[in-house]
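What follows is a single structure, written as structure tokens, with notes after it.
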Amino acid sequence: MPFKVVCCNCGKEARRDEWRWRDDCGGVFDIVLDFQGREFPELVDVKEENIRRYAQFLPVEGLPSVHQGWTPIVKKTIAGVEVNFKLEYLSLGGSFKDRGAYVSTAKAKELGVKGIIVDSSGNAGISFSLMGLLSGINVDVFVPKHAPEGKKNLLRLLQANVHEIDGDRMDVNREAIKAEREGFVYVGHWWNPYFIEGEKTMAYEAYEQIGSSDYVVVPVGSGTILLGLYKGYQELVELQVLNKVPEIIAVQACGYSKICRDLGAKERCLTKSKLADGIAIADPPRRRQIVEAVKRTNGHAIIVEDEEIKESLVELRRLGFIVEPTSAVPYVALKQSIKEGFIKPKSKVLLPLTGSGLKLVDELIEIKECLKM
């Protein structure tokens, strides 16, 4: 598929034969595809039930034979609303970030990269480490020293070079970027446009599995899942498969809520979230894009507290979903949106459950609410 790499800030087009994650002007890059008048059904490889099903929608040659994607959907009716839980936590690396890491690592290998560098609170590092291990690419992962031990141990099992940084996620991001060197490129998902290309495949899958949706509820940290879903649904509209992009409900945790506050949400708490480590990002570089995407879909934003996250973790487990605290964040927003009338009765909602709780058993046991049933 013909494509361009374009700076979102100045509009300049970058070369496609070298790894670029930030323009000289400081802007982020997006991938722009040229569908050349082709239609969705002819571009889908129906023999595949994984991300390679959508290979013609991706700016990469030679995707590896790894079963990523095509995660199941479980349908539940909640207060008269059809809620479709997409079980992203059942992917190989245990989170939705496998999609972006799969496409990014394939692109890095195509360009002859020897090693990749990523900053992460855990899940992105695990996804990149797994893909690097399967692709024969070295992986350096920079994590906060306070990141969950279960995730750090898994990184080491996946043969990543783990660098623990004493600081917050912004500090970790800066240290990872400084580590770029000959043959080793920074692929961090905050900036990396190929990561979003991987995430958009979730929208394609959801369309093929359940058709159109009225709303999508997503947790927001770096914003890659939101932007990926938005881009995927936009492309489905461009291909005349859907009439419109679903309304996006963006959800953040207390203390990490600049995007939601930009969208008019009120923060009701005084302390920072200690549970939603996967979205503990103060000011992501794609902040403006995220806000614009939510506004264009007539969506809205919600900020949630740790006590609400704890309650939702228990409710999700009763529904059969063993997920991490960050995955409970959109479920809080779902219930609130239904209660306040943002989500109408008989509507159809897509809610990705983003990360597995099996990586965090020790941490979940420490949350006393999680021991109740």
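Observations on the model:
- Residue match in the stretch 148-158 (condition: assigned to a strand (DSSP E or B) and either surrounded by fewer than 17 Cβ atoms within 10 Å (Cβ to Cβ) or of a type in the set (Ser, Thr, Tyr) (or both)): no
- Top-ranked residue of the stretch 38-53 - restricted to ones that are touching a Gly at 6+ places or on another chain (Cβ under 8 Å) and part of a helix (DSSP H, G or I), ranked as farthest from residue 105 (Cα to Cα): 53
- Residues satisfying the stated conditions in the stretch 1-25, i.e. in a loop (DSSP other than H, G, I, E, B) and closer than 18 Å to residue 189 by Cβ: 8, 19, 20, 21, 22, 23
- When the stretch 84-103 is filtered for residues that are assigned to a helix (DSSP H, G or I) and of a type in the set (A, V, I, L, M), the ones remaining, listed by number, are 90, 101, 103.
- Residue in the stretch 181-193 that is in contact (Cβ under 8 Å) with a residue 40 or more places away in the chain, surrounded by 15 or more Cβ atoms within 10 Å (Cβ to Cβ) and either part of a helix (DSSP H, G or I) or of a type in the set (D, E, K, R) (or both) present: yes
- Yes/no for residue 98 being out of contact with any Asp or Glu (no Cβ under 9 Å at 6 or more places or on another chain) and either acidic (Asp, Glu) or crowded, with 24+ Cβ neighbours inside 10 Å (or both): no
- Counting only residues that are under 20 Å from residue 99 (Cβ atoms) and assigned to a strand (DSSP E or B), the stretch 204-256 holds 7 of them.
- Scope the stretch 121-138; condition under 24 Å from residue 169 (Cβ atoms) and touching a residue at least 40 places away in the same chain (Cβ under 8 Å); matching residues: 121, 122, 123, 124, 126, 128, 131, 138
- In this entry, residue 106 passes the filter for residues that are outside any loop (DSSP other than H, G, I, E, B), of a type in the set (A, V, I, L, M) and touching a helix residue (DSSP H, G or I) at 6+ places or on another chain (Cβ under 8 Å).
- So residue 354, is it of a type in the set (S, T, N, Q), at pLDDT 95 or above and touching a Phe, Trp or Tyr at 6+ places or on another chain (Cβ under 6 Å): yes
- Lone qualifier among 66, 81, 32 - being touching a residue at least 12 places away in the same chain (Cβ under 8 Å), outside the structural domain of residue 212 (by TED's automatic domain parsing) and crowded, with 17+ Cβ neighbours inside 10 Å: 66
- Subset of the stretch 257-278 [under 20 Å from residue 337 (Cα atoms) and part of a helix (DSSP H, G or I)]: 258, 259, 260, 261, 262
- Screening the candidates 359, 346 for the property of being assigned by TED's automatic domain parsing to the domain that holds residue 83, in contact (Cβ under 8 Å) with a residue 60 or more places away in the chain, farther than 14 Å from residue 250 by Cα and in a helix (DSSP H, G or I) yields one hit, 359.
- Any hit, the stretch 325-338, residues being in contact (Cβ under 8 Å) with a residue 60 or more places away in the chain, part of a loop (DSSP other than H, G, I, E, B) and crowded, with 24+ Cβ neighbours inside 10 Å: no
- Residue match in the stretch 74-82 (condition: over 17 Å from residue 158 (Cα atoms) and in a loop (DSSP other than H, G, I, E, B)): yes
The values are calculated or read from the model by the stated rules, or taken from the named source; none is laboratory data. This is a predicted model, so every value here is computed, not measured. With ideal geometry, Cβ positions are generated from the backbone for all residues, glycine too; neighbour counts draw on all protein chains shown.
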